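Structure first, commentary second.
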Amino acid sequence: MKSKKHLFFIDPIEKLVTKKDSTILIALTMQERGEDVYVLFEKDFFVQNANGIQFDCYRISGKINESFYIEDFKVEDSPEVVSIDANTTIHMRIDPPYDSRYQRYLWMLNFLTDMYGVQVLNNPLGIMKHNEKLAAYTRELSLESYVGTSLSGAKKFISKLEARGVQELILKPLDLFQGIGVQKVSLNEFEGHFKAKCDEFKGPVVVQEFDNSVVEGEIRTIFYRAKELGTILKVPKEGEFLANIAQGAKYSAVELDAQVKAECLNICEKLMVDGVDLIAFDILGGKISEVNVTCPGLIVEVSSAMKRNLALELFK
């Protein structure tokens, strides 16, 4: 029986912070276990329906240190030609945003599944089906949210928030990530900023009450096949409201609330039906704010906080 080939479909290396990149941790961990591992770049990715497919792929090397950060990472200079077949698994690890470029890659990956029997993780149809924010908003434990470009609809939504004494709002685009485009505004500033954000991002905007509990931290928890792998609390820098580690937020291991965990498990079981096994949840004030399925991250940081390599859990 042929050995399984694992191709990690990734962004250009210069776009990655390699010392803490989740994909690189997973790939190096698999390689240490004796798996046949390559990286595949956008410039070398294509599909065709005749004559088979052979990608130029690259071997990698590096060291996973005792804190599970990456040292001495290197991509080999010369590619190897890798034939694509039913013994191939492609790990979709292109970072969002989920834009037309991203959508095209999902279509092409699904073509490889249909045409050549390639396994793709997470499943491209599953990623297409479940928007990372809307998947959260369907749940009972989610933030009250408005999504759209209708100003009149948004004003009706915030009028009910105002009646409850809400004074500040969060505006953010529907399809971006890592805090890009997130803005805190007062009620009397709302209308102008809402219009501007719809124009800037050319699509629907999310409107929510600003949750002051964010200064105490936002939770990131990672699940694989409906099993919790690890959970951290991210605390923003003093005076900031974005709990983004790349922007200076501190993190530490934390125990996930039982009710929130049950909600996460329920979502996992639903998404597994669509081939979405690896999920990272963001939780604010005890409510799920995002269900990350495109390229779930922070696996290095959560591993470091939990003092064990979470990537090993992906093979049990």
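Within region 47-72, the set of residues being of a type outside the set (S, T, N, Q), without any contact (Cβ under 8 Å) to a residue 24 or more places away in the chain and assigned to a loop (DSSP other than H, G, I, E, B) comprises ALA50, ARG59, GLU66.
Within region 5-50, the set of residues being loosely packed, with under 12 Cβ neighbours inside 10 Å, closer than 18 Å to GLY117 by Cα and either hydrophobic (A, V, I, L, M, F, W, C) or not assigned by TED's automatic domain parsing to the domain that holds LYS74 (or both) comprises PHE46, ALA50.
Considering region 176-285, the qualifying strands (runs of 3 or more DSSP E), each wholly inside and each with 3 or more residues that are under 20 Å from the mean Cα position of the chain (by Cα) and buried (at least 20 other Cβ atoms within 10 Å of the Cβ), run over 218-224, 227-235, 278-284.
So, in region 161-173, exactly how many residues are under 20 Å from ALA136 (Cβ atoms) and in contact with an Asp or Glu (Cβ under 9 Å, 6 or more places away or on another chain)?
Kept after step one, since they are under 20 Å from ALA136 (Cβ atoms), are these residues of region 161-173: 161, 166, 169-173.
Right, trim to in contact with an Asp or Glu (Cβ under 9 Å, 6 or more places away or on another chain) and you get 161, 166, 169-170, 173.
Of the residues in region 161-173, 5 are under 20 Å from ALA136 (Cβ atoms) and in contact with an Asp or Glu (Cβ under 9 Å, 6 or more places away or on another chain).
Listed by position, the helices (runs of 4 or more DSSP H) inside region 83-169 whose residues that are in the same structural domain as LYS202 (by TED's automatic domain parsing) and farther than 23 Å from MET272 by Cα number at least 1 are 151-163. Among the residues of region 234-280, those identified as among the basic types (Lys, Arg) and either at pLDDT below 95 or in contact with an Asp or Glu (Cβ under 8 Å, 6 or more places away or on another chain) (or both) are LYS234, LYS237, LYS250, LYS261.
State which residue is modelled with the lowest pLDDT when the search covers only region 1-18 and only residues that are out of contact with any helix residue (DSSP H, G or I) (no Cβ under 8 Å at 6 or more places or on another chain) and not hydroxyl-bearing (Ser, Thr, Tyr). Give the steps one after another, and end with the answer.
First pass over region 1-18, keeping only residues out of contact with any helix residue (DSSP H, G or I) (no Cβ under 8 Å at 6 or more places or on another chain): 1-5, 7, 13-15.
Next cut, not hydroxyl-bearing (Ser, Thr, Tyr) only: 1-2, 4-5, 7, 13-15.
Values: MET1: 48, LYS2: 60, LYS4: 92, LYS5: 97, LEU7: 98, ILE13: 96, GLU14: 96, LYS15: 95.
Selected residue: MET1.
The values are calculated or read from the model by the stated rules, or taken from the named source; none is laboratory data. On a predicted model such as this, the values are computed, not experimentally measured, just so you know. Neighbour counts are summed over all protein chains in view; Cβ atoms, including those assigned to glycine, are modelled from backbone coordinates with ideal geometry.
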